[in-house]
Amino acid sequence: MKFSYSGFDSAGKKINGVVESATGDDARESLRRQGLFVTTLAAAGVMENRRRGGSKKIGTSRRLRSISTFARQLHLLLGGGTPLIQALSAAERQSSHPGWKSVLASVRSRVAEGMPLSEAMRAHPEYFDSVCTSLAAAGESSGTMAPMLERLSMLARSQLHLRNTMTGALVYPCVLMVMGTCVLSVMLLFVLPRFSGLFETLDTPLPPTTKVMIQASEFVRGYKWYLLGGISAAISGIWFALRQPGTLRWFQAVLLKTPRLADVYQSLTTARMARMLGVLLESKVSLLESLQLTRDSMTNIHYAELLLRAQEAVSRGEPVSAVLGSSPLIHPTVQEAIRNGEQSGQMGTPLIHMADFLDEENELLIKALSRLLEPAILAILGVLVGLMALSMFLPLFDLVSAASGGGK
């Protein structure tokens, strides 16, 4: 059977090719003996379909939720003695999402035809990434599929929990900003013009703040379509620029150097890296392959390059702590866990414990920052709305005061 693969050679150069072998595990072992780090391996037809864009893009939260539920269901069923095909059928019946249900049906049918679960999962990279399939392959080779699925479920749940924590912390500030923008837009486009006409009929001198507000209202009303076009173009330009490697590298470097923000970003990224590497090592995946898989999962270019340097050091026979244990990108507690774990020969468990500790600290920090951000946004919006209201009513107060004085 022919398998298409992609990966990296010992020099870090990306490679693609085709290898013929009886099973996917044999193909991976053959490529590993050649000094190649395989990131993706699938039947030739499946791989070609991927390269032509045959897989659909799935939201990260939905993908993590589906994988977590799927792995947990299989863990419980296989742990109770249910055969794999029956467990897959049960997971398929319990799924309510049509797309995910069809994926599970495809996986079940491939396993029923004699294909290993890891190979059946590789046919759907939109849901099962290289980490998922590697953990499944490790469970198949060691005969410990249920524990591996439990680790996969734990990994997906931890990532999903962190995303939900960050999303929940940002929802209320974002709602405040949107509502504030709508209120300010209504006042500039509809309320202030009415007062402007009133002030013109009264022919009364206006305070400087009122003049500024009226001029701002006239500018926004006169150039609203140009402003909307400019804002849309700016957002599109930023989105496009951040998809370019050079711009993304610069932006991530700025994040890692910004005071206060750098500590939070570094801690979040280090925790994710430590958990991924720890789970893979605890699952008896080789160190080189664990570094490669962790590197593939990193969204920060600087951390991906750091893991590549760690791979190269390990391939030369050097300890991984020579790179990861001294890098300023790695949290000091994780550096110490790497050094101690390397000396004891048990690096996976300490890294998972350190990731748990960092995630707890990060969750508290994110909630604290959110609680500080909310009153700051409310204060800024209150000042802006109050300034507008004062600018509109101050001339009326002056007019009433002058009329009262004249009457006396």
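Taken together, the values in this text are just the output of simple stated rules run on the coordinates, not laboratory data. All values derive from a computational prediction rather than experimental measurement. As a convention, Cβ positions derive from the backbone with ideal geometry for all residues, glycine included, and neighbour counts pool all protein chains shown.
Round to the nearest 0.05 the FRET efficiency obtained for residue 251 and residue 349 when R0 = 41 Å and r is the Cβ-Cβ distance.
For R0 = 41 Å, the calculated efficiency reads 0.75.
If I fit a long axis through the Cα atoms of helix 84-94 and take the longest principal axis of the Cα atoms of the chain, what angle between them do I get, 0 to 90°, rounded to 10?
Approximately 20 degrees, to the nearest 10.
Can you tell me the alpha carbon radius of gyration of the stretch 314-387 divided by the globular rule-of-thumb value 2.2 N^0.38 Å?
It is 1.82.
Starting from the Cα of residue 179, step 7 Å toward the Cβ, then list every residue of the stretch 370-396 with an amide N under 13 Å from that point.
Hits in the stretch 370-396 for residue 179 at 13 Å: 374-375, 377-379, 381-382.
For the chain, please report how many Lys pairs fall under 26 Å Cα to Cα, leaving out neighbours fewer than 8 apart on the same chain.
Lysine pairs satisfying the spacing and distance rule in the chain number 11.
Pairwise over distinct Cα atoms, reciprocal of the mean inverse distance: report the Kirkwood radius of the stretch 169-325 in Å, one decimal place.
On the way: mean 1/r = 0.0484 Å⁻¹.
Hydrodynamic radius (Kirkwood, Cα only) of the stretch 169-325 equals 20.7 Å.
Based on Cα coordinates alone, diagonalise the gyration tensor for the stretch 78-201, multiply each eigenvalue by 5, take square roots, and list the semi-axes in whole Å, largest first.
54, 16, 12
Please report the orientation-averaged projected area of the chain, defined via the convex hull of its C-alpha atoms, in nm². Please list the in-between numbers first.
Values: hull surface 106.9 nm².
With the hull built on Cα positions only, its mean projection is 26.7 nm².
Among 128, 118, 143, which residue has its Cα furthest toward the positive end of the charge dipole of the stretch 113-258, with +1 on Lys/Arg Cβ and -1 on Asp/Glu Cβ?
128
Could you run the Debye sum over the Cα atoms of the stretch 60-128, one equal point scatterer each and no solvent, and tell me log10 of I(q)/I(0) at q = 0.18, 0.21 Å⁻¹, two decimals?
For the requested q values the scattering log ratios are -0.62, -0.86.
Which of the three applies to the stretch 282-408, rounded, prolate or oblate, going by the alpha-carbon gyration tensor with a ≥ b ≥ c and a/c under 1.5 meaning rounded?
Details: a/c = 5.81, a/b = 4.12, b/c = 1.41.
Prolate.
Where a ≥ b ≥ c are the square roots of the eigenvalues of the C-alpha gyration tensor, would you call the stretch 259-331 rounded, which needs a/c under 1.5, or, failing that, prolate if a/b is larger than b/c, or oblate?
The shape class here is prolate.
Dipole size in debye (nearest 20) for the chain around its Cα centre, Lys and Arg Cβ +1, Asp and Glu Cβ -1?
It works out to roughly 800 debye.
At 7 Å along Cα-to-Cβ for each site, give me the label-to-label distance between residue 29 and residue 225 in nm.
It is 6.9 nm.
Between 0 and 90 degrees, rounded to the nearest ten: what's the tilt of helix 245-257 against the longest Cα principal axis of the chain?
70
So if I place +1 on the C-beta of Lys and Arg and -1 on the C-beta of Asp and Glu, and nothing else carries charge, what would the dipole magnitude of the stretch 181-329 be about its Cα centre? I want it in debye, nearest 20.
For the stretch 181-329, the charge dipole is close to 40 debye.
Mind listing which chymotrypsin sites (Phe, Trp or Tyr not before Pro) in the stretch 92-128 are in a DSSP loop and have 14 or fewer other Cβ atoms within 10 Å?
Of the chymotrypsin sites (Phe, Trp or Tyr not before Pro), not one in the loops of the stretch 92-128 has a Cβ with at most 14 other Cβ atoms within 10 Å.
Report the extension gain between residue 318 and residue 376 in nm, rounded to one decimal, defined as 0.36 nm multiplied by the number of residues separating them, less their alpha carbon distance.
Here the answer is 15.9 nm.
Nearest 0.05, what FRET efficiency do residue 170 and residue 85 give at R0 = 51 Å with Cβ-Cβ as r? Write out the running numbers ahead of the final one.
Numbers: r = 43 Å, r/R0 = 0.83.
E between residue 170 and residue 85, to the nearest 0.05, is 0.75.
Run the simple label-point estimate for residue 209 and residue 190 please: 7 Å along Cα→C-beta, distance reported in nm.
2.4
Quick one: order 359, 263 by neighbouring beta-carbon count within 10 Å, fewest to most.
263, 359
Give a quick list of GluC sites (Glu not before Pro) in the stretch 53-157 that DSSP marks as loop, anything other than H, G, I, E or B, with at most 10 other Cβ atoms within 10 Å.
For GluC sites (Glu not before Pro) across the stretch 53-157 that sit outside H, G, I, E and B with at most 10 neighbouring Cβ atoms in 10 Å, the list reads 113.
Using alpha carbons only, how many degrees (0 to 90, rounded to 10) separate the axis of helix 98-112 from the longest principal axis of the chain?
10
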